[in-house]
Amino acid sequence: MFRYTKLTGLREFLFWIAALVFLLPFYFLVTTSLKSDREVITSSTLAPPTAPDFGNFLKVLTATGNSNVVMGLVNSIIITAGSIVLLVLLGSLTGYVIARSTRRWSRVVYYLFLVAIVLPTQLGTVPLYIGARALGLTGSAWGMIILYTGMLLPLAIFLYAGFFRGLGTEYEEAATIDGASRTQIFFRIVLPLMSPATGTVAILAGLIVWNDFFTSLIFLGGSANQTLPVAMYYYIGSLVSAWNQIFAIVIVSMIPILAFYLFAQKRFIQGFAGGLKG
Amino acid sequence: MAPQRVTRIAGLLALPVTAALVLSGCSGSGSGDSGGDAESFTFTFATSNNLESPYETLAKEYMAANPGVTITSNPTPNDKYGETIRTQLQAGNASDVIITAPGAGDARGLIPLAQAGFFEPLGDTATSLVPTGSDTLFEIDGKTYGQPLDFTIGAVVASMGTAGMNGITSWPTTMDDFYAECGKLAGDGKSMLALAGAAAPNAGLTAQGIAATRVYASDPNFNTERAEGKTTFAQSKGWADTLQTIIDLKDKGCFQAGAEGGGFDAITNGLAQGTSVGSFIPSGSAVEIAAAAPAEADFKVQPFPPAAGGKPFVLASSNYAASINAKSQKKDAAKKFLDWLATPDAQEKFYEASGLLPISEYKNLDLSNTIYSEVVDDISNGSYTTLPSNVWPNPAVYDALSTGVQGLLTGQSSIDQVLQNMDAAWGN
Amino acid sequence: MSTTFRAGEVAATETERVVLPRRGGRRRQAPAPRRKGLLKFGYWWWALPGILFVIGIHYVATSVGGFFAFTNWTGIGAFELIGLDNFTRIFQDPTKIGALWNTLFLAFGSVILSNILGLGIALGLNRGLKSRYILRTLFFMPVVLSPLATSYIWKFIFDFNGPLNLVLRGIGLDSMARAWIADPTWAIWTILVVLVWQNIGFSMVIYMAGLAAVPVEIEEAAAIDGANLWQRFWHVTLPSIRPAVAIATTLGLVNGLRVFDQIMALTGGGPAAATETLATQVYKQSFALGNFGYGAALALLLTLIILVFAVIQQRVTADRSEEN
């Protein structure tokens, strides 16, 4: 079969070099964030800090006003979690019905969602913005949750519909014979079965919502509910190239998502690559 | 996948969701909400560096004088200021007190924003501070929407200490002298001027500072004539000269290396560390930077040399105003703050912190020992004009000028193109 | 949203399952038995909230936006219908044409580069490397990060006195060191670098999944028949991963056309509008300058371009799949 030759070993070594070069930006990120204000101006950008200074991180975590990073973090968590819950709920219900129905309307609706995935949001942003403003939803966490849910629902429905189509109806039929109502069937039997799809939806949609900047900037910028990317944007804007502080906040903003990624990397990659294997 | 996985996910999500429900019920509509205290409010102003802004100093003074009041400051980058406050105002998320510019010619100009209903009308204290002849820049239908804060002189802020250390004993008064000094400094890896080419406000201010001598010295009514359609930017030899001067300054090494890409930090660091002698920055910034520079820096506001045969001319006007967000929940607290800003005591403090001349008292001050000593005569004999962008009809004209300057520095645009763009932006 | 780069990835796989002709199937199980006629499980009205949401937030909003593209609305107060004026303005303004060009350049550039490099890494990691999973994790890491955050790191690297220029000066290439981000010619390339860097991992995992499904026997058979490395790749491997190529390029293209975060963080659209794209212009016109009508016209143009390319992609991949 496959033999591990010297050539393979060389290939492995070269790829490790490639990976390290590829991740070089992280070296700059970490070393610069640990430099003091003085050192960041005077020392070479390539050199590591002489004595690590964690003061930058302290400043980042205690920033106030529009630059309040901790508040941004909390808001991001709330909005992302809220969106995921709503997406899972509505997406699974809709996807299930579409997948289980064979009538004409379900195919039409299916294509409706397919097109909606590709349709860029830029054109709808301004009217949505005006509508949200009229309803007083700009600057509110609920408004953003509703907005994100609406934006990502086609994707969630798509994933669920696809999943359900591949799921045989044996369990549901057995439950019907046992006399369960349709609602019971869905919540007792189907819900647990759809956890792979739920995992994928949670990861993909969660990542998009967590990293979103443009929509959050327009709807929440300056308010008490602004998310982490916006807080970071304002904070860095007020820093005017104090790279050590800028990178401190960049690191702080990256930690949650990187921690989650390293914890669940397999699921992340599988979700992306489309293989819903276990 | 087992049901345990579902429960785990559900469990993980349940807590934040509950928190969301609870918090969104409790939280306010988010108009820059700074807490339940009725006396506390939020304050947005522009910043070009990391030094303590004079507005921050004023906020601290106010808080010291009024215990129980908390002002949350939101320093906002100068080169994105207009777009940031507009975005926030439109969504209803802006701070309670916002620093704006008079007129309509800048993205942060208060007139269009007031017309859109974003600002609260202010009282008589504010109206009394509006300089005579500038009503249209601060008021609509007799209601004032911005309280003037300053009298700013716009010319070159130069460190005479740095100049002295490089063999420049007196400020050049002709362009030939100026270019000669540029050449000497460039040879040593230094520059006469620091320019933040990538920052629109500085590119624009540099052009306006030079235009004072090339356009308004001989034709002080240019703006009115342009508004009446009697002339255009493209036809103006003065404006063409101004832009040509910028190109000449670059070619003769008067700007620092990499000026076209420079940010505000190039100015702050250049002036504080003595690698550049001067820069076209608001006189107020000089005091901020002086705090970061050694004492020998000795900053002075110097007039830019006029063209051959011309006379010195500077920019001088009130360029900063304080406005109150119409959607603010803290209008009373904000108004109290603005009233305090109008007091001579506060103006004195603002002058000390920023170097910007106090709006009402400046005529009474003896400026001979201050950074303004070199331009005192120009002010007293009227050799100055209002900052043009305050008076222009919309922000697109100033935007065309600023990006035009950047384009000239990088070679992307020609002088004719820039002037045509400015005319096109003026509209009819 | 500019981060929907990965959006619909799995969806597209499902797309194939449903939309593409069944005969192309290779790794598909038998389709689930369907009852004809009435809905057997669930209630039809369960789908109603979802449908209403999508119609409202996607279709209604987009149509309203499309309508405003023909007006001169400033976002406040009254407006008038001005027909195609906004569009003539777009095509007469050199900066808008430049923005259009930048949009296409960044989209195609990032797709081509990240796919070639991603495929290269996937191929390299594919067979037998002991640490392939760790390497895969490392190369994929930038994908999950916020585009805003990564842009700030690269802004530092490209700074006039940043690491890149220091290295160039250090190895004697002083003349090449420049203010990358402020250079009108090179600024757009810096954005391209950031885009590609962040997205290599994405195409890499798609190709790794695709390659993993290629049966080893076929390749070995080809090797026995005397095909060399390149021939094996071109005639055996590549056709097998056509679906993966289709997915990766479609998504890459659609999302590359919408890039926003990276440009705002790196150059802000400058120098002198050299790196503006349709997406950044929509933001500036609509929100910073208050020209909602004009901004909507730009957005409509962007939408049409994206739809056109998405349709072309669908056609091309459908054809290819039939060839198989």
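Only one entry of C:Tyr152, C:Tyr133 meets the criterion of being farther than 30 Å from A:Trp243 by Cα, assigned to a helix (DSSP H, G or I) and of a type in the set (Phe, Trp, Tyr), and that entry is C:Tyr133.
Among the residues of region A:230-259, those identified as surrounded by fewer than 24 Cβ atoms within 10 Å (Cβ to Cβ), within 24 Å of A:Thr149 (Cα to Cα) and within 8 Å of another protein chain (Cβ to nearest Cβ) are A:Met254, A:Ile257, A:Leu258.
Considering region B:372-390, and only residues there that are β-branched (Val, Ile, Thr) and at pLDDT below 85, the residue that is surrounded by the fewest Cβ atoms within 10 Å (Cβ to Cβ) turns out to be B:Val376.
Checking the conditions here, which among C:Arg178, C:Arg242 is basic (Lys, Arg) and under 30 Å from C:Arg132 (Cα atoms)? Result of the check over C:Arg178, C:Arg242: C:Arg242. For region C:246-274, taking the residues that are among the β-branched types (Val, Ile, Thr) and over 13 Å from the mean Cα position of the chain (by Cα), the one that is farthest from B:Ala199 (Cα to Cα) is identified as C:Ile263.
If the condition is being more than 19 Å from the chain's Cα centre (by Cα) and buried (at least 21 other Cβ atoms within 10 Å of the Cβ), then region B:298-311 contributes only B:Pro305.
Mind checking which pairs have a first residue in region B:268-285 that is farther than 14 Å from B:Met160 by Cα and a second that is among the aromatic types (Phe, Trp, Tyr) and surrounded by 24 or more Cβ atoms within 10 Å (Cβ to Cβ), Cβ under 8 Å, 6 or more apart or different chains? Close Cβ pairs satisfying both conditions: B:Phe280/B:Phe304. Considering region C:136-191, and only residues there that are aliphatic (A, V, I, L, M), over 20 Å from the mean Cα position of the chain (by Cα) and within 12 Å of chain B (Cβ to nearest Cβ), the residue that is surrounded by the most Cβ atoms within 10 Å (Cβ to Cβ) turns out to be C:Ala182. Name every residue in region B:75-103 that is away from chain C (no Cβ under 12 Å) and over 17 Å from B:Leu341 (Cβ atoms), in order of residue number. Within region B:75-103, B:Pro75, B:Thr76, B:Asn78, B:Gly92, B:Asn93, B:Ala94, B:Gly103 meet the criteria.
Of the residues examined, B:Gln347 is not one that is of a type outside the set (A, V, I, L, M, F, W, C) and assigned by TED's automatic domain parsing to the domain that holds B:Lys250. Under the condition of being at pLDDT 85 or above and among the small types (Gly, Ala, Ser), which residue from region B:391-423 is nearest to B:Gln244 (Cα to Cα)? Ranking the candidates gives B:Ser414 first. Reported count of residues in region A:59-74, each being away from chain B (no Cβ under 12 Å) and among the charged types (D, E, K, R), is 0. Whether a residue is in the same structural domain as B:Ser159 (by TED's automatic domain parsing), within 30 Å of B:Thr174 (Cα to Cα), small (Gly, Ala, Ser) and in a helix (DSSP H, G or I) was assessed, and B:Ala307 does not pass this test.
So that you can scan it fast, the table gives a plain yes or no per residue for (1) touching a helix residue (DSSP H, G or I) at 6+ places or on another chain (Cβ under 8 Å); (2) surrounded by fewer than 23 Cβ atoms within 10 Å (Cβ to Cβ); (3) of a type in the set (Lys, Arg):
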{"residue": "B:Leu193", "(1), (2), (3)": "yes, no, no"}
{"residue": "B:Gly197", "(1), (2), (3)": "yes, no, no"}
{"residue": "B:Thr206", "(1), (2), (3)": "yes, no, no"}
{"residue": "B:Asn221", "(1), (2), (3)": "no, yes, no"}
{"residue": "B:Ala240", "(1), (2), (3)": "yes, yes, no"}
{"residue": "B:Thr245", "(1), (2), (3)": "yes, yes, no"}
{"residue": "B:Ala257", "(1), (2), (3)": "no, yes, no"}
{"residue": "B:Gly261", "(1), (2), (3)": "yes, no, no"}
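In the set A:Thr215, A:Thr176, only one residue is assigned to a helix (DSSP H, G or I) and either within 30 Å of B:Asp265 (Cα to Cα) or within 11 Å of chain B (Cβ to nearest Cβ) (or both); that residue is A:Thr215.
Please work out if B:Asp251 is surrounded by fewer than 24 Cβ atoms within 10 Å (Cβ to Cβ), under 19 Å from B:Gly407 (Cα atoms) and without any contact (Cβ under 8 Å) to a residue 40 or more places away in the chain. In short, yes.
Note on region A:92-107: among residues that are more than 7 Å from chain C (Cβ to nearest Cβ) and crowded, with 20+ Cβ neighbours inside 10 Å, the one that is farthest from A:Trp210 (Cα to Cα) is A:Ala99.
Condition (residue is over 22 Å from the mean Cα position of the chain (by Cα) and modelled with pLDDT of 85 or more) applied to region B:355-371: is it met by at least one residue? The answer is no; no qualifying residue exists.
From the list A:Tyr110, A:Tyr148, the lone residue that is part of a helix (DSSP H, G or I) and surrounded by fewer than 24 Cβ atoms within 10 Å (Cβ to Cβ) is A:Tyr110. Taking the numbered list (1) among the hydroxyl-bearing types (Ser, Thr, Tyr); (2) surrounded by fewer than 24 Cβ atoms within 10 Å (Cβ to Cβ); (3) part of a helix (DSSP H, G or I) in turn, B:Thr72 passes all entries but (3).
The values are calculated or read from the model by the stated rules, or taken from the named source; none is laboratory data. Keep in mind it's a predicted model, so treat the numbers as computed, not measured. With ideal geometry, Cβ positions are generated from the backbone for all residues, glycine too; neighbour counts draw on all protein chains shown.
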